[in-house]
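Notes follow the structure.
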Amino acid sequence: MRSLAMRLMGQLMRRSMLGLMRGLIRGGARGLTATLAPCLLLALGLLSGAARAHEMSMAEMQVRETAPGEFIWQWTASEKRAANEVLTPVWPDGCRAEGLNLHCGKDGLRGAFTMEGVGKQYSAAMVKVFWVDGQTRVYTLTASQPTVQLFGSADDRRGMGEIAYAYTVLGVEHILSGIDHLMFVIGLLFLVGFRRQLFWTITAFTAAHSLTLASSALGWLALRPPPVEATIALSIVLVAGEALHKRETLARRWPAMVAFLFGLVHGLGFAGALREIGLPQEHLLVALLSFNVGVETGQLLTVGACWLLWRVAARWPRLAKLRTALLYAIGTAAAYWSWLRIAAIVA
């Protein structure tokens, strides 16, 4: 069964890549329908950030307790500008910083810890705290949640409700900043249209990536990130290529099956982001479920925004002429990511 699915995926990939390349060579302009042209505004915004793909921009900090109440801290990794130029840690009351040394006294590292500047150059800051007793905890701060509560030890005393809220917000942020995931969803909208079939297509995609997200986050399934990222990019090429023509292909007859197959891979991409964020030891299943709910919420917001734009833009039929150009733009960007990611695997 798995080999059959892989063969079907391979055939779809080859057909879609060839169709996309032939269309680019001809500069074709066909299939101009108004069904989903309003998603142009959303997709162009996504394409403007194409170089980022779907990864969150993350800065990492380490805080190490050397003796009770005494710490040293430093930035250990950053993807853009030096983290200390754009991010400023605000330590809990009772802690005093002297350079990279932090003195917290008998109460220890306890209270509200804030990261100023998060959400601008960096979408998140991951803080790893190594306690003197050998335990480690990871905290993730974002623009919507720049403050976390520290308890003077590795114990996480956040309640179930607080964890559920925090990870729901992180899930929404991840999907809305995940350019390639959103481009795949928009490609499905172009392929299926706002018809009853769209419900089953989105449901299949949701079920599939929920399955692999949970399996990977719980340690039941592990795959190297580079092949996963390359396959995600290729999935966008597929839906863009299939949406460019109206032939009764496998993707058009059974879009839910295609969405399910590639949803399994997208779920592994979500799991990679969740591993970077970290899961609390307490209420682990609540955090996992909440993150998935946040991803689904962001996905539904995207579909809803496209539907509203479609209703509003129905008054301007000329927007239909942009549909083909937009699909070529999505397919070209995804093909470019595909070559980069495949080259990274080979290298």
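A short reminder: the numbers here are calculations on the coordinates, not readings from a lab. Everything numeric here is computed off the predicted structure, so don't read it as measured data. Backbone-built Cβ (ideal geometry, glycine too); neighbour counts: all protein chains shown.
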Checklist entry - In region 64-118, if every C-alpha pair distance is counted and binned at 5 Å from zero, what percent goes to each bin? => result 4, 18, 27, 24, 15, 9, 2, 0
Item to check | Theoretical gain in end-to-end length, GLN135 to ASN84 [0.36 nm per residue, Cα-Cα removed] | outcome: 15.8 nm
Item to check | Where only alpha carbons of region 118-211 are counted, the Rg and the Dmax (Å) | outcome: 18.3, 58
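Across region 198-347, how large is the tail of the calculated P(r) beyond 22 Å, expressed as a percent of all Cα pairs?
On the way: 5628 of 11175 pairs.
Within region 198-347, distances greater than 22 Å cover 50 percent of Cα pairs.
Does region 302-347 classify as rounded, prolate or oblate by the C-alpha gyration tensor (a ≥ b ≥ c root eigenvalues; a/c under 1.5 gives rounded; else a/b over b/c gives prolate, otherwise oblate)?
Values: a/c = 8.85, a/b = 2.53, b/c = 3.50.
Oblate.
Could you work out the relative contact order of region 133-272, using alpha carbon pairs under 8 angstrom and six or more residues apart, expressed as a whole percent? Walk me through the numbers before you get to the answer.
On the way: 119 pairs, mean separation 43.9, N = 140.
Worked out over region 133-272, it gives 31 percent.
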Checklist entry - Across region 323-329, in residue order, what do the Karplus-derived ³J(HN,Hα) couplings come to in whole Hz, using 6.51 cos²θ - 1.76 cosθ + 1.60 with θ = phi - 60° and x for Gly and Pro? => result 4, 5, 4, 5, 5, 5, 5
Checklist entry - More than 21 Å apart: what percent of Cα pairs in region 238-317 qualify? => result 53
Checklist entry - Once label points are set 7 Å from the Cα along Cα→Cβ at both THR66 and ARG196, what is their separation, rounded to one decimal in nm? => result 7.0
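Indicate the gyration tensor shape class of region 58-152 (rounded, prolate or oblate), computed on the Cα atoms with a ≥ b ≥ c the square roots of the eigenvalues: a/c under 1.5 is rounded; otherwise a/b larger than b/c is prolate and the rest oblate.
On the way: a/c = 1.78, a/b = 1.65, b/c = 1.08.
Verdict is prolate for region 58-152.
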Checklist entry - Amide H of LEU221: which non-local residues (sequence gap of 5 or more, or other chain) have their own amide H closer than 5 Å, using H built in the peptide plane? => result SER216
Checklist outcome for this item: Summing +1 per Lys or Arg and -1 per Asp or Glu among the other residues with Cβ less than 12 Å from GLN197's Cβ gives +4
